[in-house]
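Everything below concerns the one structure shown next.
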Amino acid sequence: MLGAMVLRSDTAWFFKAVGPDAQMAGHVDAFRSLLRSIRFVDEKPQWTLPEGWRQEAGAGMRFATLEFGSAENPLELTVIPLGVPPGEPSAYILSNVNRWRRQLQLPPIAAEELDKGTEKIELDGTTATAVDLRGSAGE
């Protein structure tokens, strides 16, 4: 799993891709490039697609679906906005990192481990918190 969260006022933007480690490995740099390209216009994200990536319109909760990898068996990156509850932003980020870890049957991390288990990517006027959980199953 590769994921990221961008907190903007009362909305959290989630970017998440899940797939076999062997398939995901070749797309880590493209994922980071996508994150670094994010800009917000009227509080909605815009980005530059990495070469070979395709964008589908959003449906339901999804703002957008990005496909990458082979055309026959593409991987998906979902972009979903959710409301941010009141409270400390770092606690919200930690709870979502641990939610993703649980989805992969990984134990939760403590607040003091958050900086070690995530990467901060500076964007235009905000910060993305990225996680790379590839190869983490069975830790």
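The values are calculated or read from the model by the stated rules, or taken from the named source; none is laboratory data. Everything numeric in this text was worked out from a predicted model, so none of it was measured. Positions of Cβ are backbone-derived with ideal geometry, glycine not excepted, and every protein chain shown enters the neighbour counts.
General remarks:
- Selected residue [more than 18 Å from Lys16 (Cβ to Cβ), in contact with a Lys or Arg (Cβ under 9 Å, 6 or more places away or on another chain) and among the acidic types (Asp, Glu)] from Glu88, Glu122: Glu122
- Taken over the stretch 57-72, the residue count meeting the criterion of being exposed (fewer than 12 other Cβ atoms within 10 Å of the Cβ) and within 18 Å of Phe31 (Cβ to Cβ) is 1.
- Residue within the stretch 70-79 that is in contact with a Ser or Thr (Cβ under 7 Å, 6 or more places away or on another chain), of a type in the set (Ser, Thr, Tyr) and at pLDDT 90 or above present: yes
- Restricting the stretch 82-94 to residues that are small (Gly, Ala, Ser), more than 13 Å from Thr118 (Cα to Cα) and out of contact with any Asp or Glu (no Cβ under 9 Å at 6 or more places or on another chain), the residue that is surrounded by the fewest Cβ atoms within 10 Å (Cβ to Cβ): Gly87
- Selection from the stretch 95-117 of residues that are part of a helix (DSSP H, G or I), surrounded by fewer than 17 Cβ atoms within 10 Å (Cβ to Cβ) and of a type in the set (A, V, I, L, M): Ala111
- Residue that is among the aliphatic types (A, V, I, L, M) and in contact with a His (Cβ under 9 Å, 6 or more places away or on another chain), where the choices are Leu75, Leu49, Leu35: Leu75
- Residue list for the stretch 26-49, filter: assigned to a loop (DSSP other than H, G, I, E, B) and under 14 Å from Glu76 (Cβ atoms): Leu49
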